[in-house]
Amino acid sequence: MAGRRARCRLPDLMVHTEESYAALIGATRATLTRDMPPPALVIEIVSPGTANRVRDYRYKRTEYAAREILEYWIVDPQMKQITICQWVEGQYEDKVFTGATCMESVVIADWALTVEQVFNSANRPELPGE
């Protein structure tokens with residue numbers, strides 16, 4: 001179900017707290033429901049189309065704010081930008097990152113990638129074992 005009345009979401013990526021991870025034990029899908037503890041970070045990748053943009057930038061943001069999720073990232077391949085919404089004193093404060101700007105996260109403290117590196121797989125750092 002989608003929109004303001006959504007009872008659950010299946011984010012593109014979640015970083016769990018110990019409590020939210022424990023709530024998923026035995027589950028068949030990593031679905032974010034209203035009755036489970038919130039994860040620390042939710043990342044959504046904007047799909048093409050106006051309706052998807054509105055859903056990711058507006059409706060999901062409202063739903064995640066109601067859950068007081070510490071960070072909500074909106075990864076927008078079309079605009080080549082990443083918006084990091086950080087939960088501060090009861091509301092999200094947004095920071096939009098583009099180009100060679102290194103992103104700042106309170107959940108992933110040692111994050112050292114730029115937006116260009118995220119969107120350009122040729123410039124991605126080498127992973128251990130590669």
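The values are calculated or read from the model by the stated rules, or taken from the named source; none is laboratory data. Values in this document were obtained by computation on a predicted structure and should not be read as measured data. Because the Cβ atoms are built from the backbone with ideal geometry, glycine has one as well, and the counts that use them run over all protein chains shown.
Tabulated data for the structure shown
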| read-out | value |
| --- | --- |
| The stretch 88-106 residues that are over 16 Å from Val42 (Cβ atoms), paired with ones that are exposed (fewer than 12 other Cβ atoms within 10 Å of the Cβ) and modelled with pLDDT under 95 (beta carbon under 7 Å, 6 or more apart) | Cys102/Ala112 |
| Single residue of Val96, Val107 found to be closer than 22 Å to Met14 by Cβ, under 17 Å from the mean Cα position of the chain (by Cα), assigned to a loop (DSSP other than H, G, I, E, B) and of a type outside the set (Asp, Glu) | Val107 |
| Residue pairs meeting the criteria (Cβ under 9 Å; at least 6 apart or on separate chains; first of a type in the set (A, V, I, L, M) and surrounded by 12 or more Cβ atoms within 10 Å (Cβ to Cβ), in the stretch 111-128; second at pLDDT 60 or above and part of a loop (DSSP other than H, G, I, E, B)) | Leu113/Met103; Val115/Lys80; Val115/Gly99; Val115/Ala100; Val115/Thr101; Val115/Met103; Val118/Met103 |
| Subset of the stretch 102-128 (residues that are among the hydroxyl-bearing types (Ser, Thr, Tyr), over 25 Å from Glu63 (Cα atoms) and modelled with pLDDT of 90 or more) | Thr114 |
| Residue match in the stretch 65-79 (condition: basic (Lys, Arg), at pLDDT below 90 and assigned to a loop (DSSP other than H, G, I, E, B)) | yes |
| Residue within the stretch 26-36 that is out of contact with any Leu (no Cβ under 7 Å at 6 or more places or on another chain), modelled with pLDDT of 85 or more and not basic (Lys, Arg) present | no |
